[in-house]
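Colleague: So that we are looking at the same thing, I have put the structure below in structure tokens.
The values are calculated or read from the model by the stated rules, or taken from the named source; none is laboratory data. Given the structure is predicted, the values throughout are model-derived calculations rather than measurements. When we count neighbours, we look across all protein chains shown, and the Cβ atoms used for this are built from the backbone with ideal geometry, even at glycine.
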Amino acid sequence: KETGEFIGYVGFHRFTFDVPFSPGWEIGWRISDKFWNNGYATEAAMACIKYAREKKICNKLYSFTAVPNIPSEKVMKRIGMTFEGLFMHPALADGHWLKEHKLYYIDL
């Protein structure tokens, strides 16, 4: 807040790609690595979940990330999401090292 520097964003995305749990609402974040491990993604994601509940935007909120992205998975766990399983992201080419994703959800 002191510098007004942009650190990233947290918010909702409506996804419709071809997976068994689609269509749905995703909560996601992109935080500059300069600001990792300060709790910003967790704090903002919790505020988003509160907002989604208050505004009744959906019954279930998803979050997903490539298997190697352990920091994002830790945020999903900290905000109370439940691991649902693995899936192959259809937007990535077969054989791509990020194609396999972990899927989490939270009931609202």
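Colleague: Restricting attention to the range 55-91, which residues are basic (Lys, Arg), free of Cβ contacts under 8 Å to residues at least 40 places away in the same chain and in contact with a Phe, Trp or Tyr (Cβ under 6 Å, 6 or more places away or on another chain)?
Modeller: If the condition is that a residue be basic (Lys, Arg), free of Cβ contacts under 8 Å to residues at least 40 places away in the same chain and in contact with a Phe, Trp or Tyr (Cβ under 6 Å, 6 or more places away or on another chain), then no residue fits.
Colleague: Just a yes or no: is a residue in the range 25-39 surrounded by 13 or more Cβ atoms within 10 Å (Cβ to Cβ), over 13 Å from the mean Cα position of the chain (by Cα) and modelled with pLDDT under 95?
Modeller: The answer is yes; a qualifying residue exists.
Colleague: Looking only at residues that are without any contact (Cβ under 8 Å) to a residue 60 or more places away in the chain and aromatic (Phe, Trp, Tyr) in the range 1-24, which one is surrounded by the fewest Cβ atoms within 10 Å (Cβ to Cβ)?
Modeller: So the residue we want is Phe6.
Colleague: Please work out if Ile7 is touching a strand residue (DSSP E or B) at 6+ places or on another chain (Cβ under 8 Å), among the aliphatic types (A, V, I, L, M) and farther than 22 Å from Glu100 by Cβ.
Modeller: So Ile7 passes the test.
Colleague: Continuing with the same structure: Suppose the filter is crowded, with 16+ Cβ neighbours inside 10 Å, among the aromatic types (Phe, Trp, Tyr), modelled with pLDDT of 95 or more and out of contact with any Cys (no Cβ under 6 Å at 6 or more places or on another chain); does Phe64 pass it?
Modeller: Considered against the rule, which asks whether it is crowded, with 16+ Cβ neighbours inside 10 Å, among the aromatic types (Phe, Trp, Tyr), modelled with pLDDT of 95 or more and out of contact with any Cys (no Cβ under 6 Å at 6 or more places or on another chain), Phe64 comes out as yes.
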